[in-house]
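See structure below.
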Amino acid sequence: MALKDYFFFTKEERRGVAVLLVIICILIGVRVVIAASQAPSNSSHSSHSSNSSISSTPGYRRYIKHDAGKIELNTADSIQLQELKGIGPGFARRIVIYREKLGGYYAIEQLMEVYGFTEKLYNLIKNDISVDASKIRKININQMDISRLKRHPYISYYEAKAIYEYRIKQPDAKVKNLDEMANIPDLEENWQVIRIYITAE
């Protein structure tokens, strides 16, 4: 039997094959349309999954604008501080450590006193930070001796000594009015700053 005999079809058979091919083409077309319509959804899901994977990777940090507005220096933890541009774990830790030594910040300019802080970095973040001076933890001078007072970054040994000696001369060795100390010779120069960090209550 010749090869061409295998491909001989009657009129009815050719019509059946044609119909079958049309049906196959229609099914393929439907599949292509469905796949195309699902592609964006899958892509979005894939992108979301990828972002979720990156965000959950330890050590990965993206710059995120603080939703509530400016970051408050006296209440922010080191993680929140890292939301600021240019502030990594090292600087965030130094900001918190210096805050603890001071008892709190009363002005954002005090960041320039943090070790390694530059004017360029300060200018980069100054519009994204704020300070609530009411959060400052003050030193009760009626309960502190010279050694404790002079631990504060803004109080020298001589200033601590002047505060202590003034206190012990008062009735019951207690200061009642801090304003009376403004004219003590050893305190006059830095009194306005020292006054922020001490209390007699």
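Below are the figures for this structure:
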quantity: Which listed residue, of Tyr164, Tyr158, is modelled with pLDDT of 95 or more, surrounded by fewer than 18 Cβ atoms within 10 Å (Cβ to Cβ) and not in a loop (DSSP other than H, G, I, E, B); calculated: Tyr158
quantity: Boolean, Gly59 is of a type outside the set (Ser, Thr, Tyr), in a loop (DSSP other than H, G, I, E, B), modelled with pLDDT under 95 and over 9 Å from the mean Cα position of the chain (by Cα); calculated: yes
quantity: So Glu188, is it over 32 Å from the mean Cα position of the chain (by Cα), of a type in the set (D, E, K, R), surrounded by fewer than 16 Cβ atoms within 10 Å (Cβ to Cβ) and part of a loop (DSSP other than H, G, I, E, B); calculated: yes
quantity: Sole exception among (1) open to solvent by 40 Å² or more (accessible area, probe 1.4 Å); (2) at pLDDT 95 or above for Asn140, by number; calculated: (1)
quantity: Residues being among the acidic types (Asp, Glu), surrounded by fewer than 10 Cβ atoms within 10 Å (Cβ to Cβ) and modelled with pLDDT of 55 or more - total across region 1-44; calculated: 1
quantity: Any pair with Cβ under 6 angstrom, 6 or more apart, that starts in region 89-100 at a residue that is under 11 Å from Asn74 (Cβ atoms) and modelled with pLDDT of 95 or more and ends at one that is of a type in the set (Val, Ile, Thr) and surrounded by 15 or more Cβ atoms within 10 Å (Cβ to Cβ); calculated: Ile95/Val114
quantity: 3 or more residues under 17 Å from the mean Cα position of the chain (by Cα) and either farther than 30 Å from Met181 by Cβ or of a type in the set (Asp, Glu) (or both): qualifying helices (runs of 4 or more DSSP H) within region 78-153; calculated: 78-81, 89-102, 119-125
quantity: Selection status of Asp132, surrounded by 14 or more Cβ atoms within 10 Å (Cβ to Cβ) and in contact (Cβ under 8 Å) with a residue 40 or more places away in the chain; calculated: no
quantity: Criterion (touching a strand residue (DSSP E or B) at 6+ places or on another chain (Cβ under 7 Å) and hydrophobic (A, V, I, L, M, F, W, C)) met by exactly one of Ile139, Ile155; calculated: Ile139
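The values are calculated or read from the model by the stated rules, or taken from the named source; none is laboratory data. None of the values given here were measured: they were computed from a predicted structure. Note: ideal-geometry Cβ built from the backbone for every residue, glycine included; neighbour counts use all protein chains shown. All accessible areas refer to the heavy atoms of the entire protein, side chains included, with ligands and DNA or RNA removed. Shrake-Rupley method; radii C 1.70, N 1.55, O 1.52, S 1.80 Å.
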